[in-house]
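A.B. asks: Encoded as structure tokens, here's the structure I'll be asking about.
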Amino acid sequence: MTDVVVRKFLIRIEEIFHEGGPVSANPPRRGTIMAVVKNPYAGRYVEDITGFMEDLKPLGLEMSTRLLNALGGDKSVIEGYGKGAIVGEGGELEHGALWHMPGGHAMRALLGDVKAIVPSAKKVGGVGANIDIPITHIHASYVRSHFDAIEVNVPDAPRADEIVLILSMTTGSRVHARVGGLAVSDIKGEDGLR
């Protein structure tokens, strides 16, 4: 068991009224929470790192709850989600992969009976590195109106021995989505895809 040491949390909420078209009657909101944590494996190769996934589970639930509350606390309005990690230069990409289960499972458990896998991105980067967090619909990954990404960074992280862990949720599609594909009203909810 490894202690999860959090240096800071950052939450960002966007409310999008338009992108040059008509003002939306129901502006979508996009929220992201980031936690800057100590990487217990920085600077060395460790063969068995999977125990840290278990250690991260409480943080995943805490971050999911904080983000949902920042978006108003009503899980019924959440339509999209995604996750990611930026590993500091003293770590390796696999350290970011440790976030898949604790981050994704926590959001899915909090939102309840969601079908789609939580899309993910990860990278190794220096202080201030940006990452695009992919977003898809919570019940059907093929809902084209919800294909999106949220670019995030932390100005002073990750330091070489840190990881930035990221969760994102949205309350709707892109503000002017109109390129067809599977519509929300046509979701079957059987396999997380359609």
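A.B. asks: Within segment 10-40, take every residue that is among the polar types (S, T, N, Q) and assigned to a loop (DSSP other than H, G, I, E, B) and give me the one that is farthest from residue 149 (Cα to Cα).
C.D. replies: 39
A.B. asks: While we're here: Note down all Cβ pairs under 6 Å where the first residue falls in segment 91-118 and is outside any helix (DSSP H, G or I), the second is basic (Lys, Arg) and surrounded by 23 or more Cβ atoms within 10 Å (Cβ to Cβ), and they're at least six residues apart or on different chains.
C.D. replies: 118/83
A.B. asks: Follow-up. Which number in (1) among the hydrophobic types (A, V, I, L, M, F, W, C); (2) touching a helix residue (DSSP H, G or I) at 6+ places or on another chain (Cβ under 6 Å); (3) surrounded by fewer than 16 Cβ atoms within 10 Å (Cβ to Cβ) marks the one condition that residue 93 misses?
C.D. replies: (2)
A.B. asks: Could you list, ordered by first residue, the pairs with Cβ atoms under 9 Å in which the first is in segment 173-194 and of a type in the set (S, T, N, Q) and the second is surrounded by 12 or more Cβ atoms within 10 Å (Cβ to Cβ) and assigned to a loop (DSSP other than H, G, I, E, B), at least 6 apart or interchain?
C.D. replies: 173/28; 173/79; 173/147
A.B. asks: Another question, then. Determine, yes or no, whether residue 172 is within 21 Å of residue 76 (Cβ to Cβ), in contact with a helix residue (DSSP H, G or I) (Cβ under 9 Å, 6 or more places away or on another chain) and not hydroxyl-bearing (Ser, Thr, Tyr).
C.D. replies: So residue 172 passes the test.
A.B. asks: Name the single residue that is nearest to residue 91 (Cα to Cα) among those in segment 108-143 being surrounded by fewer than 18 Cβ atoms within 10 Å (Cβ to Cβ) and of a type in the set (D, E, K, R).
C.D. replies: Restricting to residues being surrounded by fewer than 18 Cβ atoms within 10 Å (Cβ to Cβ) and of a type in the set (D, E, K, R), the top hit is 123.
A.B. asks: Say we look at segment 160-194 and pick out the residues that are among the basic types (Lys, Arg) and in contact with a strand residue (DSSP E or B) (Cβ under 8 Å, 6 or more places away or on another chain); which of these is farthest from residue 4 (Cα to Cα)?
C.D. replies: 194
A.B. asks: Continuing with this model, one more query. With respect to residue 187, determine if the residue is β-branched (Val, Ile, Thr) and at pLDDT below 95.
C.D. replies: Considered against the rule, which asks whether it is β-branched (Val, Ile, Thr) and at pLDDT below 95, residue 187 comes out as yes.
A.B. asks: Considering only segment 22-38, state which residues are among the polar types (S, T, N, Q) and within 18 Å of residue 83 (Cα to Cα).
C.D. replies: Selection gives 32 alone.
Yes/no per residue for (1) modelled with pLDDT of 95 or more; (2) touching a His at 6+ places or on another chain (Cβ under 9 Å); (3) assigned to a strand (DSSP E or B); (4) not aliphatic (A, V, I, L, M):
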{"position": "42", "(1), (2), (3), (4)": "yes, yes, no, no"}
{"position": "45", "(1), (2), (3), (4)": "yes, no, no, yes"}
{"position": "49", "(1), (2), (3), (4)": "yes, yes, no, no"}
{"position": "52", "(1), (2), (3), (4)": "yes, yes, no, yes"}
{"position": "58", "(1), (2), (3), (4)": "yes, no, no, yes"}
{"position": "63", "(1), (2), (3), (4)": "yes, no, no, no"}
{"position": "68", "(1), (2), (3), (4)": "yes, no, no, no"}
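A.B. asks: Could you identify the single residue in 162, 151 that is more than 10 Å from the chain's Cα centre (by Cα) and surrounded by fewer than 18 Cβ atoms within 10 Å (Cβ to Cβ)? Steps first, answer last, please.
C.D. replies: On the way: 162 fails: surrounded by fewer than 18 Cβ atoms within 10 Å (Cβ to Cβ).
Within the list 162, 151, the selection yields 151.
A.B. asks: Let me ask you something else. Which of the following residues is surrounded by 19 or more Cβ atoms within 10 Å (Cβ to Cβ), within 21 Å of residue 126 (Cα to Cα), in contact with a strand residue (DSSP E or B) (Cβ under 6 Å, 6 or more places away or on another chain) and not charged (D, E, K, R): 42, 85? Break it down into steps so the answer makes sense when it comes.
C.D. replies: On the way: 42 fails: in contact with a strand residue (DSSP E or B) (Cβ under 6 Å, 6 or more places away or on another chain).
Step by step, each of 42, 85 is checked, and only 85 is surrounded by 19 or more Cβ atoms within 10 Å (Cβ to Cβ), within 21 Å of residue 126 (Cα to Cα), in contact with a strand residue (DSSP E or B) (Cβ under 6 Å, 6 or more places away or on another chain) and not charged (D, E, K, R).
A.B. asks: Continuing with this model, one more query. Report every pair of residues separated by at least 6 positions or lying on different chains whose Cβ atoms are under 6 Å apart, first residue within segment 44-58 and free of Cβ contacts under 8 Å to residues at least 60 places away in the same chain, second surrounded by fewer than 16 Cβ atoms within 10 Å (Cβ to Cβ) and of a type in the set (S, T, N, Q).
C.D. replies: 52/2; 55/2
A.B. asks: Going through segment 25-39 one residue at a time, which ones are surrounded by fewer than 19 Cβ atoms within 10 Å (Cβ to Cβ), under 21 Å from residue 135 (Cα atoms) and modelled with pLDDT of 95 or more?
C.D. replies: 27, 29
The values are calculated or read from the model by the stated rules, or taken from the named source; none is laboratory data. Just so you know, these numbers come straight off a predicted model, no measurement behind them. Glycine gets a Cβ as well: all are built from the backbone with ideal geometry, and neighbour counts include every protein chain shown.
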